[in-house]
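Some notes on the structure that comes next.
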Amino acid sequence: MFRSKYGKIAVLIICLLVLLSIGFYIFNTIRCNKNSSAQQNEQISDNNETQKTSASIKAVKKKVLNPVQKYYKNYLEQDEIKFLHKAKFSKNNDLEFSKLQTKFIKATDVLNEKYAQNIDPDDVYYRNNWVKMLYIEGCYVYAVNYNYLLEKYRKYLSPSYNEWLKFIIKRESVMQDGGLTIPPDSLREYILFLEKFVEQNPNFVLISNAKEVLKSYLITYLEGMDNSPIFDRWNTGKIKPEFKESYEKFLSENKNSKYYPMVKELYNKAKSNNFTWNKDFDQWLNEYHKKYFTD
């Protein structure tokens, strides 16, 4: 009995030791796996941070090396800061802003001359910044982003200057490659806008620019362009329907315009010629141009 009793106790102790060993092994294995997983996650996180840091460094380098941004830092940034500083204490900023606008325009001329061939259309710098890209004649070129200027400076400018900037944005792609990129009737609407703008803002700081644009639009509207002629000279010889319809709309809806007599004279001459082009009409058009557009 004695031996049997203590033998059973010994067996139980051995079993408990075995179970404890197994439990300790399992616990230790799980802990090691967790530590290993944590180390792996930490390593992955470190790798990700390294990649992010590397990408950030590359982005910063690219940003610094961007010739457009470098040009801005060297030649335009201080001009903007100076204008903003003065504008906050003045109610008449149009003249100073026109000078700043001119500097932006000259900047894009310089950039197009030196760096246009290296334009990267995917560069984020050209989004919502002072300069943007336009695709003209099969290639990208730099252009002033007038949306940027309007949003940043509108509260410092007169209503007429804000109206002018909005018009520039609207008419950005009126002509390209020697031809119109908009219908003739849209050009009619621009002419009427400019006529009213010039009459209502005779002292506008850029009134001479407005008059020049108006004159160029009138010549294009009434005489056509190389790639947007009024007459289909090489096929039917007839006036193009979109021009004829726009002239008729002008004559019916815009009788109060100071340019009404010009449109009427051209339309009547075309009508008397059966709305057909010939050399005689070209000769008449030369005299017509001298009458209205030669200073």
Flag for Phe193 being surrounded by 14 or more Cβ atoms within 10 Å (Cβ to Cβ), farther than 24 Å from Phe243 by Cβ and of a type in the set (A, V, I, L, M, F, W, C):
no
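For the subset of region 172-186 comprising residues that are in a loop (DSSP other than H, G, I, E, B) and of a type in the set (S, T, N, Q), which member is nearest to the chain's Cα centre (by Cα)? Explain how you work it out, then say what you get.
Our first condition is that a residue be in a loop (DSSP other than H, G, I, E, B); within region 172-186, this holds for 172-174, 177-178, 181-183.
So of that shortlist, the ones also of a type in the set (S, T, N, Q) come out as 173, 181.
Values: Ser173: 11, Thr181: 17 Å.
Here the answer is Ser173.
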Enumeration of residues in region 244-278 that are more than 36 Å from the chain's Cα centre (by Cα) and assigned to a helix (DSSP H, G or I):
Ser252, Pro261, Lys264, Glu265, Leu266, Tyr267, Asn268, Lys269, Ala270, Lys271, Ser272
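Search region 134-168 for residues being aromatic (Phe, Trp, Tyr) and farther than 21 Å from Glu80 by Cα, and hand back the single one that is surrounded by the fewest Cβ atoms within 10 Å (Cβ to Cβ). Even if it seems obvious, please write down each step before you answer.
Of the residues in region 134-168, the ones aromatic (Phe, Trp, Tyr) are 135, 140, 142, 146, 148, 153, 156, 161, 164, 167.
Subset that is farther than 21 Å from Glu80 by Cα: 135, 140, 167.
Numbers: Tyr135: 12, Tyr140: 17, Phe167: 17.
The extreme case among them is Tyr135.
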Those residues that are surrounded by fewer than 17 Cβ atoms within 10 Å (Cβ to Cβ), touching a Phe, Trp or Tyr at 6+ places or on another chain (Cβ under 7 Å) and assigned to a loop (DSSP other than H, G, I, E, B), I need them from region 204-243; list them, please.
Arg233, Gly237
Modelled with pLDDT under 90, surrounded by 11 or more Cβ atoms within 10 Å (Cβ to Cβ) and closer than 18 Å to Arg154 by Cβ: which single residue out of Asn92, Asn128 fits that description?
Asn128
Those helices (runs of 4 or more DSSP H) lying entirely in region 90-171 with at least 3 residues in contact (Cβ under 8 Å) with a residue 24 or more places away in the chain and closer than 25 Å to Ser216 by Cα
94-115, 159-170
Being in contact (Cβ under 8 Å) with a residue 60 or more places away in the chain and either over 30 Å from Asp94 (Cα atoms) or out of contact with any Gly (no Cβ under 7 Å at 6 or more places or on another chain) (or both) narrows it down to one residue among Lys258, Lys244, Lys240, Lys211; which is it?
Lys258
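The values are calculated or read from the model by the stated rules, or taken from the named source; none is laboratory data. From a predicted model like this one, the values you see are computed outputs, not experimental measurements. Glycine gets a Cβ as well: all are built from the backbone with ideal geometry, and neighbour counts include every protein chain shown.
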